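J.: Let me begin by handing over the structure; questions about it come next.
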Amino acid sequence: MPELACINGNFCPIDEATVSINDRGFQFADSVYEVIVAYDGKPFLMNEHLERLSRSLSLCDMPMDLDELKIEQLIADGLSRSAFSATVIYIQITRGVQERNHLYRDGLTPTVLLTFREKPAADPDRYRDGVGLMSTEDQRWAMCEIKATGLLPNVLAKNRAVRAGFQDAVLVTSDGLVRECTASNIFVIHAGALITPVADESILHGITRDYVLRCAALANVPTDERSMTVEELCGSDEAFISSTMVDILPVTRIDQQNVGDGTVGPVTRALMAAYRQGMPHAAQPA
Ligand code: PLP
């Protein structure tokens, strides 16, 4: 099956897709993005992702009508052309093409890019045993609720963590408050309650994070959205991360410390089960 790109409505093989070097997305990361996973051609939580895309665009002074851009139609078209059983849909909207100038002109035509790639199979061992996170100072900017493509601090932190033998970095402020990971939100379980940092401007408001909170309500797990210190994270009974790409991934180690007894705990397992109940059948991990 072909991996496809679609640039401003035109589909092509992914390796043939190009954009101008004057695109503000390339010059300034002046663009926003979304990632949606579709199972058997059905995008999971699509309305929630498209609402966040609209919000990111508005916060960047690029208000846009996604219906006018026919995003849903392009998604449906790309899914039927690529026909994978699990597809990662990447959407990037840049402010458009202009000679390099910090000041953007009014009325630029946005560049709308979509790609359709096969979702790699998940490694079942990581879900069974959990993964380790390395704590790292959060050096990102102050508007992390925008799903913006300026990801250099995230890229550097992720690479440092993986080189040191961890799955990812958990980003912590200089005051010791836990924010999120480089591409996922974080949760801990303490005395039976599910705790996650508040969805303010310091973290991305994960679509999966929201869905996990809804699953917790269904599973009768009490929830608390509040700030959390790195000590609390390390001393918690259980922890996990959430994102469109990993769903719920248990965390069993932070730096050199086990979380709880170092195994995947019962509340995490119950939430993973509740999460899977709402997923399309094709998405159910082994
Ligand atoms: N936090 C950050 C910084 C992210 O980049 C992502 C996803 O890319 C998430 C959290 C999880 O968001 P979602 O659940 O919408 O995939």
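J.: For D175 and D40, what is the calculated FRET efficiency with R₀ set at 35 Å and r taken between the beta-carbons, to the nearest 0.05? It would help to have the intermediate numbers written out before the result.
T.: On the way: r = 45 Å, r/R0 = 1.29.
Efficiency at R0 = 35 Å is approximately 0.20.
J.: Provide the FRET efficiency to the nearest 0.05 for the A191-D67 pair, computing r from the beta carbons and using R0 = 35 Å. Could you put the intermediate results ahead of the total?
T.: Numbers: r = 46 Å, r/R0 = 1.31.
In this case the efficiency is close to 0.15.
J.: Kindly write out, for segment 11-25 in residue order, the coupling ³J(HN,Hα) from the Karplus curve 6.51 cos²θ - 1.76 cosθ + 1.60 (θ = phi - 60°), rounded to whole Hz, with x marking Gly and Pro.
T.: 3J(HN,Hα) across segment 11-25, in whole Hz: 7, 7, x, 4, 6, 9, 7, 9, 10, 5, 5, 8, 5, 5, x.
J.: Just for segment 124-283, what percent of DSSP beta bridges are antiparallel, to the closest 5?
T.: For segment 124-283, the DSSP antiparallel bridge percentage is about 60.
J.: Under 8 Å for C-alpha pairs, at least 6 residues apart: give me the relative contact order for segment 4-118, rounded to a whole percent.
T.: Numbers: 191 pairs, mean separation 43.2, N = 115.
Reported as a whole number, the value is 38 percent.
J.: Dipole size in debye (nearest 20) for the chain around its Cα centre, Lys and Arg Cβ +1, Asp and Glu Cβ -1?
T.: On the way: 25 positive and 39 negative charges, 85 e Å.
Taking the Cα centre of the chain as origin, the dipole is about 400 debye.
J.: Of all beta bridges DSSP finds with both residues in the chain, what is the antiparallel percent, to the nearest 5? Don't skip to the answer; put the middle values down first.
T.: Values: 47 of 58 bridges.
Counting DSSP beta bridges with both partners in the chain, the antiparallel share is about 80 percent.
J.: Further question: Show which lysines lie in cross-link reach of K158 when reach means a straight Cα distance below 24 angstrom and same-chain residues fewer than eight apart are skipped.
T.: Cross-link targets: K119, K147.
J.: What distance in nm lies between label points placed 7 Å from Cα along the C-beta direction at S85 and A273?
T.: 2.4
J.: On to the next question. Let's test the formula: R0 of 35 Å, r as the Cβ-Cβ distance of R160 and A122. What FRET efficiency results, to the nearest 0.05?
T.: On the way: r = 24 Å, r/R0 = 0.67.
Calculated transfer efficiency: 0.90.
J.: At 7 Å along Cα-to-Cβ for each site, give me the label-to-label distance between R214 and D106 in nm.
T.: For the pair R214/D106, the computed spacing is 3.9 nm.
J.: Still on this structure: How large is ³J(HN,Hα) for each residue in segment 33-45, as worked out from phi by the Karplus curve 6.51 cos²θ - 1.76 cosθ + 1.60 (θ = phi - 60°), to whole Hz, x for Gly and Pro?
T.: 8, 9, 10, 10, 10, 10, 10, 6, x, 10, x, 8, 6
J.: Still on this structure: As I understand it, the value is the acute angle between the Cα axis of helix 71-82 and the longest principal axis of the Cα atoms of the chain; what does it come to in degrees, rounded to 10?
T.: On a 0 to 90 degree scale, this one is about 80.
J.: Read phi for every residue in segment 149-165 and hand back ³J(HN,Hα) as whole Hz from Karplus 6.51 cos²θ - 1.76 cosθ + 1.60, θ = phi - 60°, with x for Gly and Pro.
T.: Values, residue by residue: 8, x, 10, 4, x, 5, 4, 5, 5, 4, 5, 4, 5, 5, 4, 8, x Hz.
J.: Now for a different question. Test of understanding: express the Cα radius of gyration of segment 128-273 as a ratio to 2.2 N^0.38 Å, with N the residue count.
T.: On the way: Rg = 13.9 Å, N = 146, 2.2 N^0.38 = 14.6 Å.
My calculation over the Cα atoms of segment 128-273 gives 0.95.
J.: Two decimals is fine: what is log10 I(q)/I(0) at q = 0.15, 0.16 Å⁻¹ for the chain, from a Debye sum with one equal scatterer on every Cα and no solvent?
T.: -1.20, -1.33
Bear in mind these aren't lab numbers, they're just calculated from the coordinates by the rules spelled out. Computed from a prediction, not measured in an experiment: that's the story for all the values here. All Cβ positions, glycine included, derive from the backbone under ideal geometry; neighbour counts span all protein chains shown.
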